[in-house]
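This report refers to the structure that appears directly beneath it.
The values are calculated or read from the model by the stated rules, or taken from the named source; none is laboratory data. Everything numeric here is computed off the predicted structure, so don't read it as measured data. Because the Cβ atoms are built from the backbone with ideal geometry, glycine has one as well, and the counts that use them run over all protein chains shown. These area figures cover heavy atoms from the full protein model, side chains too; ligands, DNA and RNA do not enter into them. Shrake-Rupley method; radii C 1.70, N 1.55, O 1.52, S 1.80 Å.
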Amino acid sequence: MNTYTTNSSGRDLLMLRLCIAGAAGRMGKAVIREAVAKGHKVTGAIEAVDNPCIGKTLREMGICDSDTRIVGSDRISEACRDADVYMTFTTPEAEVQNIPAVAALGKRVVLGTTGFKEEQNRQIRESVQGRIPAVFAPNFSVGINVLFNLVKALKAVPQDYTFSISEVHHTGKKDAPSGTAKKLGDIIMNLRGYSRTVHGREGMSPRKPEELEITALRAGGVPGIHDLIVAGPHEMLRIEHTAFSRSALAQGAVYAAEWISNQTHPRIFSMEDVLGFNIGEK
Ligand code: NAD
């Protein structure tokens, strides 16, 4: 059962108990810090079984002031035991193992991992759908989810205007293009009837009307930039989203955890559901 805490302004806040997977990774650490800053408690922390941080506490790892010990994913049931919500930023291969185990425990899930192959995606969705309330989102930032909705208003743009997406991320990012660029691409493909995606050009490669362009750059430590260019023969509209740090994503993920802790329908929700953009839609 959820408990409540009181913040400095005296308002009652929901205090969640969280289990974080990928706890020593870039996003895992950012999510733990954001959750703790909001008064939530990390009751479980999971990492890959061969990760050198296994057995260390979150305090020893310099992540936050907590005695919770990081355990291997082979001890997932134990790590999830006291948690209201399981939050995970790992790898597709890890999720295929971990998510069905968490769903079987009946724990709510917030999943941010990207880069799934079609079969992995199917397996994970099947293990969750109809069993537990979950939020799956390729990007938890509020700004990006506003962008997903803004784009729907571009349906009326003349047919000879082209749409192009580019994204820049840090050199540690494994999948390309980003899950966010893919989701933006899916929205635009449905809206504009594009049937092909082109990921860069070389040599003689003129653009064809059925093509959507999505390009990916990997540069230094960039947390994430997404750029949408809508161009006609005489003008161009450009919408850019820049995350200043991973906190933009971690903040949204914690918001999703707070929201899903109050949901009872065993289905997969999106960040648009969390932010209320889908209210009134069929
Ligand atoms: P990272 O490599 O820094 O961290 C991943 C962590 O997962 C590592 O510490 C790794 O040891 C751990 N891990 C591997 N196997 C595991 C297992 N079986 N159980 C538990 N932990 C395991 O990567 P990152 O930058 O933190 O990104 C992680 C994922 O989240 C990527 O897919 C990335 O694209 C995605 N991501 C999503 C969002 C979003 O808003 N949805 C934002 C940033 C990153």
> Most fluctuating residue of Glu167, Glu34, Glu211 in a GNM of the chain with Cα springs under 10 Å: which is it?
Replying inline: Glu211
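In Å², and per residue, what accessible area does the stretch 138-231 have when probed at 1.4 Å with the other protein chains present?
I get 48 Å² per residue for this part.
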> Of the residues Thr242, Thr57, Thr171, which exhibits the maximal mean-square fluctuation in a Gaussian network model of the chain defined by a 10 Å Cα contact cut-off?
Replying inline: Thr171
>> Suppose the Debye formula is applied to equal point scatterers at every Cα of the chain; what is log10 I(q)/I(0) at q = 0.09, 0.11, 0.15 Å⁻¹?
In response: -0.46, -0.67, -1.15
>> Between Leu14 and Ile225, what's the calculated FRET efficiency when r is the beta-carbon distance and R0 is 35 Å? Round to 0.05.
In response: 0.60
>> Past 28 Å, Cα to Cα: identify those pairs from Lys107/Lys183; Lys38/Lys152; Lys38/Lys182; Lys56/Lys183, in the order given.
In response: Lys38/Lys152; Lys38/Lys182; Lys56/Lys183
> For the chain, what is the relative contact order in percent, using Cα pairs closer than 8 Å and at least 6 residues apart in sequence?
Replying inline: 18
>> Can you find, among Ile229, Phe163, Ile144, the residue sitting farthest towards the positive end of the charge dipole of the stretch 142-242, where Lys and Arg contribute +1 and Asp and Glu -1 at Cβ?
In response: Ile144
> Using a Gaussian network for the chain with springs between C-alpha atoms less than 10 Å apart, which of these wobbles most: Ala24, Ala104, Ala94?
Replying inline: Ala104
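At 1.4 Å probe size, with the rest of the protein present, what percent of the exposed accessible area of the chain is carbon and sulfur atoms? Mind showing how you got there, number by number?
Values: 7350 of 14220 Å².
Looking at the chain in its full context, I get 52 percent from C and S.
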> With a sphere of radius 13 Å drawn around the Cβ of Ser164, what net charge do the other residues whose Cβ falls strictly inside it have (Lys, Arg +1; Asp, Glu -1)?
Replying inline: -1
>> So for the stretch 133-282, averaging the separation of alpha carbon pairs under 8 Å that are six or more residues apart and normalising by length, what relative contact order in percent results?
In response: 36
